[in-house]
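Bear in mind that the values in this text are calculations on the coordinates, not laboratory data. Please read these numbers as outputs of a predicted model, since none were measured by experiment. Reconstructed Cβ throughout: ideal geometry from the backbone, glycine too, with neighbour counts over all protein chains shown.
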Amino acid sequence: MRNILTLLFPTLLLLLATGCEEEVLTPATGSALETYYPLELNRPAYYRVDSIVLTPTVSGIRYDTASLEARETLVETFVGADGATVYRGERWERADENQSYVFKQTFTVSRMGSAVVRSEDNLTFTKLVLPLREGVTWDGHAAFDATRDVSVGPEFLDVYNGWNYVYTTVGENLTLPTGLQLDSVVTVDQAAVDNLIDLRTAYERYAPGLGLVERYIDARHTQCRDCCAGNTAECLDLPWDEKAEKGVILHQTLVRRD
């Protein structure tokens, strides 16, 4: 893991000289992106993934839970149409350590100027931007229509509708549910929508030298039919566990990175 103080030193000198009290985690240079989203071939990251998918049944909405292990590795590079270096990665999954990994999908990642861009499932996301500073916001879904429906189990849902990316914490020390202890973590809040019919909560966390260490999505929807026969007044104050009719909850946490 690179020494975060080396990245901080020029910025700290600037703050002392100007008397500014604004916290800046890293200078607005490509080194920050290299630190928080390292692009290294053949260095796999291992994750625990817990998921819940809402499934409609004749007796109501069933919450189907599942857990698995995932391995993501950048395996090769190529030059894109714009001349930028693109990294192609592979994601493999297995039910547990007693099973063999099975290929799940391919994805690509590239650094484009002051941003890190990842594409998967025909969707392109802007994951990180410069500067890495609390309060900085951006459109992480500028490359596609965020209102488009995507598959969530047996249903379709506009999972990414209403998202707005923002750095909410920088330089945080925390312990992941997997027990991994981290410092200098950056948190990107991606969604905070909670109205009568839609719930969207999402965030990602990144650590120096490790990249993505945690990802969480809770995307649910209701028309208040199953719980309340369409009575929105009755539906309004119900918890989402009782009124949701379709959706997905996903929690991915880093176990280790080789």
Q: Set the Förster distance to 35 Å, then compute FRET efficiency between Arg62 and Glu97 from the Cβ-Cβ distance, nearest 0.05.
A: 0.80
Q. Sorting Leu236, Leu132 on the 10 Å Cβ count, fewest up front, what's the list?
A. Leu236, Leu132
Q. To the nearest Å, what is the center-to-center distance of segment 125-179 and segment 180-195, using C-alpha atoms only?
A. 9
Q) Expressed as an acute angle from 0 to 90° and rounded to the nearest 10, what is the orientation of the C-alpha long axis of helix 4-18 relative to the principal long axis of the chain? A) 80
Q: Specify which labelled value, from (i) 50; (ii) 42; (iii) 46, agrees with percent of Cα pairs over 25 Å apart derived from the coordinates of the model shown.
A: (i)
Q. If you take the charge dipole of the chain about its Cα centre, with +1 on Lys and Arg Cβ and -1 on Asp and Glu Cβ, which of Trp240, Tyr37, Leu196 is farthest toward its positive end?
A. Tyr37
Q. To the nearest 0.05, what FRET efficiency results for Thr55 and Asn173 with a Förster distance of 35 Å applied to their C-beta separation?
A. 0.35
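Based only on other Cβ atoms within 10 Å, what is the fewest-to-most ordering of Val166, Val117?
Listing Val166, Val117 from fewest to most nearby Cβ atoms yields Val166, Val117.
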(Q) To make sure I understand, if each residue's beta carbon is the centre and we count other beta carbons within 10 Å, what order do Ile249, Ile52 fall in, fewest to most? (A) Ile52, Ile249
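Once the convex hull of the C-alpha atoms of segment 82-128 is built, how many Å³ does it hold per residue, rounded to a whole number?
94
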(Q) Using helices alone, I'd like the mean residue ellipticity at 222 nm for the chain: each DSSP H run of four-plus residues gives -39500 (n - 2.57), total over residue count, nearest 500. (A) -3000 deg cm²/dmol
(Q) Going 7 Å from the Cα of Leu236 along its beta-carbon direction, which residues of segment 191-226 have the amide nitrogen within less than 11 Å of the resulting point? (A) 196
Q | For the chain, with +1 on Lys and Arg beta carbons and -1 on Asp and Glu, the positive-most of Leu74, Asn122, Gly179 along the dipole | A | Leu74
Q.
How would segment 137-200 be classified by its alpha-carbon gyration tensor: rounded, prolate or oblate, with rounded meaning a/c under 1.5 and the a/b versus b/c comparison settling the rest?
A. prolate
Q) What list of ³J(HN,Hα) couplings, whole Hz, do you get for segment 71-78 from phi and the Karplus terms 6.51, -1.76, 1.60, once you set θ to phi - 60° and write x for glycine and proline? A) 10, 10, 9, 7, 10, 6, 10, 8
